[in-house]
Structures are given as structure tokens and as C-alpha cells.
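Trainee: Attaching a single structure in C-alpha cells format; questions to follow.
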Amino acid sequence: MPGRVHILDGVEYAAVLGYRPLLLDLYLPVPDEPVPGPGASPGQARPPLPVVLFLHGGGWGLGTRREVGPPFDGWRPSFFERLAQEGFAVASADYRLTGEATFPAQLHDVKAAVRWLRRNAGEYGLAGERIVAWGASAGGHLAALLGLTGDVPGLEGAVGEQRLPEPPRPGSAVDLPVVSSAVAAVVDWYGPTDLLSMDAQSGGSGPMRHDAPESPESRLIGGRLSELPGLARIASPVSHVRPGAPPFLIMHGTADHAVPLAQSQSLADALAAAGSPAETAWIGGSDHMWLGAPDVEEIFASSVDFARRVTSAAEGSVARG
């Protein structure tokens, strides 16, 4: 019998002046043992849980924290509940869409979600040093950026951070906590990785020109890719590959007409060249969102197995914060 799951719906993880609150849903497996005390949280009767931070797709302009993709819409228990039943705390987070703000706002938001999970790890029984960023399509892009830009000062942003009411006086001591935005591993499902090469890699066979003003990628950076190449590079995960990157699982369909398979291959090759090889799986015949994939259950199971292995290996390590 599958285990029970406690769902905290619509938890505010950050607020940005002038925008809607940023929310996440938190799914926690309920332990078999009775939870001690009338006011105890669902996490108190178990060791700290590894965390999956899930980031939805939708071309950065659509989608919500409740969506994964059409093949999973009918799952009961849901995709997120099944992940929790596998022994993970699952945080599925919204982030600002491109109609609200352009890059790097989306990366700043998901970094804030990582920091929120670390700051509140004790309250919810989370292992704050064992967070896996898992995303699909645009969410896979953001998950990859999370994995490759942890604690990079120029990309951290200030979303969700405490701010003093006025600047401190010179020489005064200011003790604000520093919380890491680094993640322990990444599961990237068919995410864009090199925005400037998407048109060349698609060979004109895709549903759109990625350099067009109305493309999801151009909307992400606030202008055509060819007109803002510097920002397009900063928004591309391949630009941030470095030695010592966390473990990656990259999965992509061989018949993807929206994001070329070569995008994932480029990221895997760059990681390998940097001495940080990634596990890869190219799903024969599958289009975007796993449409036409022969076995979505196997894709899910392989991803869960990877997340379990990397969080078990990370157990005992200490993240700042």
C-alpha cells in the first residue's frame, strides 16, 4: 500500500515588490510511526529527507507549479505524491514568467526557493544539503542553471533575502546569514542549454525560429537572441560549465521538435570535457514533453533512481547555511 503524503499547498517562499507572491507546494511523506506530540510537524519522526525541487516547463511564459506534462496528468497518486512516496520531500515552485519579468528574474526566483528550503529545513524535516533540482523543458533549463551557478555572486539576486531598513554605517557590524543556493544534483528533462545554437541545431525543422522576437527564448531575455548575444550566453547553461559541477542526469527525446536533442548533447559533452560527466538517456521516438515515449514509467523510475543515488552519496556533506 503506498504511503500517505502530507501536502502543504501554496507556501510563500519569497516576495518581490510589485509582483505576485512566489509560491511552492511542499509534499512530505508521512512516516509510519506516530508523530510525537499534538503540534509536531510531519517531518519529526524520521531522519531528514532529501529534497527534490521541481521546476515546471512552459517556455518560461506559461505553466504553474502543479504541472509536469501531459503524460503525467492522469497519474493517481500524482507525479509529486509518487515522488514523495519514494522517500523525498518535494517542493514544486512557481517562478516569474516572461510576461512579468525577463531573465535573470527566473533564475533569481529559483535560487530563492533553494535558500528558503535550506532556511526552513529544520521546521519541515528536510536535509538542506541534499537538494536535487529537477525540471522539464524551461524548468530543465533553470534546473541546469541552478546546478552550474550555485553561489555565483553576479547571478544570485536578492529575491527572498533579508534587507536592512537603511544602509549600514561604515565600519558597523552587520550579521546577516549567508545561505547557499547550490544544489547537490540536477535532473534535466529536455531543457534548452545553448540558446544561440538552437536554430542551427534544429536545421529549420522545428515549429519556430528561436531567434524570432516572439520565440520563448527571445521573450526570456527581452529581445532577439542575435541582438542580445551576451545575455543569451549568460542565460545558457553551457556557458557556466565548470570542473566540480554536481552530478547531472540529462534525458531527451530523439524526435523532439521543440528543443533539439543536440542541446542536451552539447551540455553533456561540455560537462565531460570539464571533468564532470553526466549520465544521459536519449529516448527513441519521443517528442517534447515525452509525447510518444515508449515507457514514461521507466523515465520516471530512472530519474528517481538517479536522485536516490546522488542524495545518498551526498549524505553527510555540509552545505553552507
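Trainee: Can you list residue pairs whose Cβ atoms sit under 8 Å apart, with the first residue in the range 110-125 being closer than 15 Å to Leu142 by Cβ and free of Cβ contacts under 8 Å to residues at least 12 places away in the same chain and the second being buried (at least 23 other Cβ atoms within 10 Å of the Cβ) and among the basic types (Lys, Arg)? Count only pairs 6 or more apart in sequence or on different chains.
Mentor: Hits for this filter: zero, empty list.
Trainee: For the range 126-165, name all the residues that are assigned to a loop (DSSP other than H, G, I, E, B), acidic (Asp, Glu) and at pLDDT 95 or above.
Mentor: none
Trainee: If the requirement is being surrounded by fewer than 24 Cβ atoms within 10 Å (Cβ to Cβ) and free of Cβ contacts under 8 Å to residues at least 12 places away in the same chain, which of these qualifies: Glu67, Glu86? Even if it seems obvious, please write down each step before you answer.
Mentor: Values: Glu86 fails: free of Cβ contacts under 8 Å to residues at least 12 places away in the same chain.
When all the criteria are applied, what remains is Glu67.
Trainee: Looking at this structure, is Ser92 touching a residue at least 24 places away in the same chain (Cβ under 8 Å), of a type in the set (Gly, Ala, Ser) and open to solvent by less than 10 Å² (accessible area, probe 1.4 Å)?
Mentor: yes
Trainee: Which condition does Ile299 not pass, out of (1) part of a strand (DSSP E or B); (2) closer than 16 Å to Val186 by Cα; (3) of a type outside the set (S, T, N, Q), if it passes all the others?
Mentor: (1)
Trainee: Okay, next question. Identify, please: which residue in the range 206-240 is in a loop (DSSP other than H, G, I, E, B) and of a type in the set (Ser, Thr, Tyr) and is, among those, surrounded by the fewest Cβ atoms within 10 Å (Cβ to Cβ)?
Mentor: If we take residues in the range 206-240 being in a loop (DSSP other than H, G, I, E, B) and of a type in the set (Ser, Thr, Tyr), then Ser226 is surrounded by the fewest Cβ atoms within 10 Å (Cβ to Cβ).
Trainee: Can you tell me which of (1) at pLDDT below 95; (2) within 14 Å of the chain's Cα centre (by Cα) is the one Pro168 doesn't meet?
Mentor: Here Pro168 clears every test but (2).
Trainee: Sticking with this one: Look at Pro243 and say whether it is open to solvent by 60 Å² or more (accessible area, probe 1.4 Å), farther than 13 Å from Asp188 by Cβ, assigned to a loop (DSSP other than H, G, I, E, B) and in contact with a Ser or Thr (Cβ under 8 Å, 6 or more places away or on another chain).
Mentor: yes
Trainee: Also, quick follow-up: Which ones in the range 282-312 are closer than 13 Å to Gly140 by Cβ and open to solvent by 10 Å² or more (accessible area, probe 1.4 Å)?
Mentor: His288, Met289
Trainee: Pairs needed: first member in the range 146-168, under 24 Å from Gly135 (Cα atoms); second member anywhere, modelled with pLDDT of 90 or more and of a type in the set (Asp, Glu); C-beta distance under 6 Å; at least 6 residues apart or different chains.
Mentor: These pairs meet every condition: Val159/Asp109.
Trainee: Of the residues Arg233, Arg309, Arg219, Arg224, only one is touching a residue at least 60 places away in the same chain (Cβ under 8 Å) and charged (D, E, K, R); which?
Mentor: Result of the check over Arg233, Arg309, Arg219, Arg224: Arg219.
The values are calculated or read from the model by the stated rules, or taken from the named source; none is laboratory data. All values reported here derive from a predicted model rather than from experimental measurement. Methodologically, a virtual Cβ is constructed for each residue, glycine included, from the backbone with ideal geometry; neighbour enumeration extends over all protein chains shown. Remember, those area values only see protein heavy atoms, side chains included, never the ligands or the DNA or RNA. Shrake-Rupley method; radii C 1.70, N 1.55, O 1.52, S 1.80 Å.
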